[in-house]
Every structure is written in C-alpha cells, then in structure tokens.
1. Could you work out the Rg to Rh ratio of segment 1-104, with Rh taken as the Kirkwood radius (inverse of the mean 1/r over all Cα pairs)?
2. Could you list which residues have their amide H under 5 Å from that of MET206, counting only those 5 or more apart in sequence or on another chain, with H placed in the peptide plane?
3. If you plug each phi of segment 212-225 into the Karplus form 6.51 cos²θ - 1.76 cosθ + 1.60 with θ = phi - 60°, what whole-Hz ³J(HN,Hα) values come out, in order, with x for Gly and Pro?
4. Isolated Cys in the chain by the 4.7 Å beta carbon test?
5. Restricting things to alpha carbons, tell me how big segment 146-230 is in terms of Rg and Dmax, in Å.
6. Please compute the alpha carbon radius of gyration of the chain, then divide it by the globular-protein estimate 2.2 N^0.38 Å. Two decimals is fine.
7. Roughly what would the spin-label model give for ASP98 and THR138, points 7 Å off Cα along C-beta, in nm?
8. Under a Cβ-Cβ cut-off of 15 Å, what is the net charge of the residues other than ARG105 that fall near it, where Lys and Arg count +1 and Asp and Glu count -1?
Amino acid sequence: PDNFALLLQEFRAALEQEESDVADVVGIRPEYLLTIAAPAGEYYYEVFPVAAIHGALDWINIMAYDFHGTWESSGPANHHAPLYRSECDDEATADFGDKAIQAYRSAGVPGSKLLLGVPFYGHGWRGVAALNDGLCNTARGIPRGTYEKGVDDYEVRAASGDPSFHEDYDWAAWTFDGSECWSFDDPVSRGPKAGYTLDQGLRGIMFWELSGDDPTASLVRALRDGLDAP
C-alpha cells in the first residue's frame, strides 16, 4: 500500500513537471489527469490505501459492479451491481454501491473526486427456480453468453424479450424466463443511480463499457437525462 501511494505521488509530480514544461514552450499550461479505477468490495477496499492516495488523484472510479456473477455457478441468482443491499445478501457481509461510496468518503475522499461505476453488461444463471421471479434462488449452472459463459451485453439482454423486473425504487433490474435469470442495469435502473450521484455530490458516473449499449444508446441517454440536474 505504501509503495502504491508513493508511485502515484511520483506520477503526479511527473505530470506537473510536464505541464510546466509545455507551458514554457507554448504559453498555455495543459491539465493532465491522474485517475484510477478502485474496488467496491469491502474485502479489497479495507486494505486499500484510500486516505494516502486520493491527494495525488484527480478522481477515483468506484467499480460498483461484479458483486455477484458467473464464479457463483450455483447461485443464488443475485444483483451484480446493486446500489443498495440486495435482499439475497446477509446484512453484515453484503457489498453494494452506496456502501463503497460511503467507505471512501469516510476515508477522507471528497464526493467531488468519486465516480459511481455502472455496468453495460449482465451476469446470468440457469436452472433457477421460479420463486420470487428467480431472484435469490439457487442455480444449476451458468448459461451461454456473448463473450464467455454467463456474461451478456445489455444490448443482448434488451433484445431477448425475456420478462423484466425491477427492485424496489428501481435501482436494479433483472430478467427471468422461468429458468434463466440475468442481472444487469437498464435505462430504468439508471435513473436512481443518476439521482444518487447528484444527491451525494459525486463527480459523476463512469461505465464499463460503451460497446455494451444498444444501437439507440439507451443506457447513455438514460445517464445523460438523469444527470441533467434541474
């Protein structure tokens, strides 16, 4: 952790020197950004040197996704990018977006340096029982995906025609066809996440990654509309 903090400080010093050198030549000082993508799971961020590194950074992208996924082949089918605690998770051990954001803020990072990460893809399970529209039920395996088992772009999920569902207050979405359950974000779930970003005074939202959107840019448009502060 100490070495990582020192490395970022070295990067920052080098960038500032480069900015100064450019300004001496062209008369205009550029602004070079130093940012990182950072973990959103407590197991990782509790040993992450948050307090020591944020001073050298322009902002931190919190990867608030992949909380659940294909590595859990027997399930339960669960939200992979929940903003708040999923009903499938134990209260003491659950990871979710708001928990991570508040942990970074408690470590001294101002909201103006934090971006909430959202996914443009989903995770899926197969052989899921129909109770509760598939959510929180065990699975018998992982379905096929676009690039690897159990992983599909939002574009694929949107075109599937499977019945879709939303968590209370719409902060998470999933589809369930009676056997396969897929967790992802859709334009509806983007609204609460955009509103949360504004309410918390965060710098913004980042996403992974653009090619997962549909041809009409539904996810990007939903983020744009949601972040258009009144």
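1. Numbers: Rg = 18.6 Å, Rh = 16.1 Å.
Over the Cα atoms of segment 1-104, Rg/Rh equals 1.16.
2. LEU116, GLY117, VAL118
3. With coefficients 6.51, -1.76 and 1.60, one gets x, 6, 7, x, 9, 6, 4, 6, 4, 5, 5, 5, 4, 5 Hz.
4. Taking the Cβ cut-off of 4.7 Å, the unpaired cysteines of the chain are CYS181.
5. In Å, with Rg to one decimal and Dmax whole: 13.5, 42.
6. Values: Rg = 19.5 Å, N = 230, 2.2 N^0.38 = 17.4 Å.
Cα Rg divided by the expected 2.2 N^0.38 Å: 1.12.
7. Between ASP98 and THR138, the label points sit 3.1 nm apart.
8. Numbers: positive: LYS99, LYS113, ARG203; negative: GLU42, GLU46, ASP98, ASP199.
Overall, the nearby charge balance is -1.
The values are calculated or read from the model by the stated rules, or taken from the named source; none is laboratory data. Just so it is clear, the model here is predicted, and its values are computed rather than measured. With ideal geometry, Cβ positions are generated from the backbone for all residues, glycine too; neighbour counts draw on all protein chains shown. We work out accessible area using only protein heavy atoms, side chains counted, and drop any ligands, DNA or RNA first. Shrake-Rupley method; radii C 1.70, N 1.55, O 1.52, S 1.80 Å.
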